[in-house]
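Just below is one structure, and these are the notes that go with it.
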Amino acid sequence: APESLMQALEDLDYLAALDDDGNLSEVGIIMSEFPLDPQLAKALIASCEFDCVEEMVSLAAMLTASPCFVPLSTHLEEAVALRRRALLHPNGDHFTLINIFNAFQQLTPHPCPRGADAAVPPADAGDEGWCRKHGVSAEALRLAGTVRAELLEVMRRIELPVSPPAFGSDANALNIQRALISGYFLKVARDIDGSGNYVMLTHKHVAHLAPACGYLLRPPPRRLPPWVLYHEFTISQDNCLRVVSEIQPQMLVELAPQYYLSNLPPSEGRDLLMEL
């Protein structure tokens, strides 16, 4: 539809992927090198600036591969849910995905294939058992490993810097949030009443956290984050935000001032940001 095309072009413009003539900018050309959606490509490029490439490339692979969580059998649900809960990261779902990928990679050595035609690494009995115990898909995680290797190959080919791993430090967590906001600042929502009714800032639609969201899987008392960045929104199925992590609102103004100070439609959320 023409409206969808115009929205896509507008989003690319906000991501600085287009120049004044509507052609790909230098950033846009680099983004186009990656087989990723524009927002994820922009976040990955931003990770070079914020020294969190190792983590962001793992996250990009996890978001691109098949969903890693599998439906739980009723008789195993409680035990698996407890083990899965141990993998939850306090900073949100994006960090949990990195956690899961790192844990899977540490089970046994996984050769990193090079090139787009590389095969998925063979299955390992230990991997499969660990995945069953935690309710995650070994196939999806192996595919993520392959995607990750391909993304790193692209980065090496176009000579983007790859920072060393630093997952687990406060500084690294902040840098991952900065990289994510650099790409996903159009996908931000605010809890308007403290009970999980999230208004998406770009078009004021109200949504809720998906049942598999880590914030809902934690033991009581649960604390729902007031501001979140989300990976996707599914209005047709269950009106849910999927893959959600908490952010600090001042980071939106810091990293995307053009949008949040000039182009964000009037709303209570905009008023709050203007006061920061």
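The values are calculated or read from the model by the stated rules, or taken from the named source; none is laboratory data. What you are looking at is a predicted structure, and each value in this text was computed from that prediction instead of being measured. Counting neighbours? That spans all protein chains shown, and the Cβs are built from the backbone with ideal geometry, glycine included.
Taking Arg190 as meeting all but one of (1) of a type outside the set (Gly, Ala, Ser); (2) at pLDDT 95 or above; (3) part of a loop (DSSP other than H, G, I, E, B), write down the number of the exception.
(3)
Conditions (1) surrounded by fewer than 22 Cβ atoms within 10 Å (Cβ to Cβ); (2) of a type in the set (Val, Ile, Thr); (3) farther than 16 Å from His89 by Cβ, marked per residue:
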| site | (1), (2), (3) |
| --- | --- |
| Gln177 | no, no, no |
| Phe185 | no, no, yes |
| Val188 | no, yes, yes |
| Gly194 | yes, no, yes |
| Lys204 | yes, no, yes |
| Tyr215 | yes, no, no |
| Trp227 | yes, no, yes |
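Please tell me if Leu9 is in contact with a strand residue (DSSP E or B) (Cβ under 8 Å, 6 or more places away or on another chain) and either in a helix (DSSP H, G or I) or assigned by TED's automatic domain parsing to the domain that holds Phe167 (or both).
So Leu9 fits the description; yes.
Might you check whether a residue that is surrounded by 19 or more Cβ atoms within 10 Å (Cβ to Cβ), over 27 Å from Gly129 (Cα atoms) and without any contact (Cβ under 8 Å) to a residue 40 or more places away in the chain occurs anywhere in the range 47-66?
no
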